[in-house]
1. Please pick out the residue among L31, L68 that is touching a helix residue (DSSP H, G or I) at 6+ places or on another chain (Cβ under 6 Å) and at pLDDT below 95.
2. Keeping to the stretch 35-50, report how many residues are within 19 Å of R24 (Cα to Cα) and loosely packed, with under 14 Cβ neighbours inside 10 Å.
3. Could you tell me whether the stretch 48-55 includes any residue that is over 10 Å from the mean Cα position of the chain (by Cα) and at pLDDT 90 or above?
4. Can you pull out every residue in the stretch 17-33 that is polar (S, T, N, Q) and surrounded by 12 or more Cβ atoms within 10 Å (Cβ to Cβ)?
5. Considering only the stretch 11-47, state which residues are farther than 17 Å from N57 by Cβ and among the hydrophobic types (A, V, I, L, M, F, W, C).
6. Test E60 against the stated conditions and say whether it is at pLDDT below 95, more than 27 Å from D7 (Cα to Cα) and of a type in the set (D, E, K, R).
Amino acid sequence: MAKLIPDPVVARERYHVHPHTLRRWDQNLALGFPPVIMVNGRRYREAEKLDAWDLKNSREAATRRAGLTPPSPEAA
């Protein structure tokens, strides 16, 4: 079974943002932020999917810093 991390922990410890920011990221489908998993009315994220999202975004950020064009979302 996948490791689930509660949204408040994801927001506070992983991204240093307010928990409402995660909900805004959920609404912006272009970001590709990992979907929420509801368990007993509480919001969780899969750690593995968060790791993959972080890796994808770090590569795109490095590409932009290098002055290169990042890959299109269709290529992913």
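The values are calculated or read from the model by the stated rules, or taken from the named source; none is laboratory data. This structure is a prediction, so every number in the text was calculated from the model and none was measured. All Cβ positions, even for glycine, are placed from backbone atoms using ideal geometry, and neighbour counts span all protein chains on display.
1. None of the others qualify; the one that does is L31.
2. 4
3. yes
4. Listed by number, the list holds a single entry, T21.
5. V36, I37, M38, V39
6. Answer is no for this residue.
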